[in-house]
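**Student:** Okay, handing you the structure first.
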Amino acid sequence: MALTISIGSGKGGVGKTMILANLAMLLARSGRRVCLVDLDIGGPDAHYLFGLLEPKRSLSDFLARRVENINEVIHTLYSYSGLSLIPGTGDTLQTANMSFQEKQRLLRSLGTIDTDVLLLDVGAGTSYHALDFFMHSDLQIGLTLPEPTAIMDLYNFLQLATIRKVLSGFLSGSEVAEALKNQRFNSLQEVLELAATSQEDGRQRAQNSLRSFHPLLIINRDSTTAQVNKLKLRRLVAKYLAIDMPELGEIPEDPMVSEALKAFIPVCELYPNCPAARSLVGISDKLGKIIDLFQRHLQTNHQG
């Protein structure tokens, strides 16, 4: 059974795809079968990082039903043992208007991919698609830069993701679902309060839906100011979202990252000894241990 990991951020340009591509390669190198799915609607570029400049098929072919099975759009990356990729779609208008049924078909199909680890690049921003793809996974990674604006962008993304998660935790058609559906919320607290007034156990059910949500934090382009801003982010999510956010690691500013991007090769492959690559290896090792623990937990629950 594949473990699904998503990575999201509050804004673009924070290095999300670069980090996910390198983690995919490193996790595959450790002996796992890894499939990277580019769900960055309208701005897919994960395939470029592996030198796959013109993929024969992409997610567009599946969404447009030119193929019925999502496995038909998987590209095996033979230069990276154990790693495969589903290139994203550039059909912005089509995918931006994806219906609920089409999105459910896509999410169901992801569960049929035969792999050990499924990595989802959900794209930047706070569209319903990005939020739903992010929360669909077993584990979530939040990525940000150390600047205050980027920290707040990630906090806003996580707040909207928790709101979306709570809303989806109620059965459609129920009294509380109808009350929640017709409201616009500025904070998670507003959702919890309305849930409490709409149904006797509404608040408890809403809080239960977030019990397993503990996104992991990565800081890219680390700087001397990062410590203060990281602390601010963790206090915000603890106080207003009531969630813990364990730190997965920091990646320093490194000019070799840009050079690797220009060469269409992951930086951990091209410059394995540079500071950014060494940090990514450490993050991958830590993530690998979390994956092992999570999969053992899933197996225990499945056997039980």
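Derivation of every value follows stated rules applied to the coordinates shown; laboratory data play no part. Source: prediction; values computed, not measured. Ideal geometry is used to build each Cβ from the backbone, glycine not excepted, and the neighbour counts take in all protein chains shown.
**Student:** Could you please rank 74, 86, 141, placing first whichever residue has the fewest other Cβ atoms within 10 Å of its Cβ?
**Tutor:** Values: 74 17, 86 28, 141 24.
Sorted ascending by nearby Cβ count, the order is 74, 141, 86.
**Student:** In Å, what is the Rg of the alpha-carbon atoms in the stretch 12-129, and how long is Dmax?
**Tutor:** In order Rg, Dmax, the Cα atoms of the stretch 12-129 give 13.5, 38 Å.
**Student:** In a Gaussian network model over the chain where Cα atoms closer than 10 Å are linked, find which of 31, 125, 142 has the largest mean-square fluctuation.
**Tutor:** In the Gaussian network model the winner is 31.
**Student:** With N set to the number of residues, divide the alpha-carbon radius of gyration of the chain by 2.2 N^0.38 Å and report two decimals. Walk me through the intermediate numbers first.
**Tutor:** Values: Rg = 19.2 Å, N = 304, 2.2 N^0.38 = 19.3 Å.
Compactness ratio reported: 0.99.
**Student:** Same structure again: Roughly how many Å is it from the Cα centre of the stretch 120-159 to that of the stretch 256-304, as a whole number?
**Tutor:** 19
**Student:** Among the listed pairs 103/289; 11/103; 56/165; 165/239, give every one whose C-alpha distance is greater than 27 Å.
**Tutor:** 103/289; 56/165
**Student:** What is the set of long-range amide H partners of residue 86 at a cut-off below 5 Å, with H atoms built 1.01 Å from backbone N?
**Tutor:** 36, 37, 38, 75
**Student:** Given labels modelled 7 Å from the Cα in the Cβ direction, how far is it in nm from residue 285 to residue 298?
**Tutor:** Reported label-point gap for residue 285 and residue 298 is 2.5 nm.
**Student:** Just tell me the longest site-free run in the chain, where the sites are trypsin sites (Lys or Arg not before Pro) in a DSSP loop having at most 15 other beta-carbon atoms within 10 Å. Working shown, then result.
**Tutor:** Numbers: sites that count: 56, 57, 65, 66, 184, 211.
Here the longest run is 67-183.
**Student:** Further question: Please tell me the relative contact order of the chain in percent, rounded to the nearest whole number, where contacts are Cα pairs under 8 Å and at least six residues apart.
**Tutor:** Details: 519 pairs, mean separation 66.9, N = 304.
Dividing the mean separation by the residue count of the chain yields 22 percent.
**Student:** Relative contact order of the stretch 198-304: what whole-number percent is it, with Cα pairs under 8 angstrom and at least 6 residues apart? Working shown, then result.
**Tutor:** On the way: 85 pairs, mean separation 23.8, N = 107.
Once divided by the residue count of the stretch 198-304, the mean separation gives 22 percent.
**Student:** OK, next. Given a cut-off of under 8 Å on Cα pairs at least six residues apart, what relative contact order in percent is computed for the stretch 14-82? Walk me through the numbers before you get to the answer.
**Tutor:** Numbers: 40 pairs, mean separation 24.0, N = 69.
It rounds to 35 percent for the stretch 14-82.
**Student:** For residue 222, list long-range residues whose amide hydrogen, built 1.01 Å from N in the peptide plane, is under 5 Å from its own amide hydrogen.
**Tutor:** Here the answer is 251, 253, since their amide H atoms fall under 5 Å of that of residue 222.
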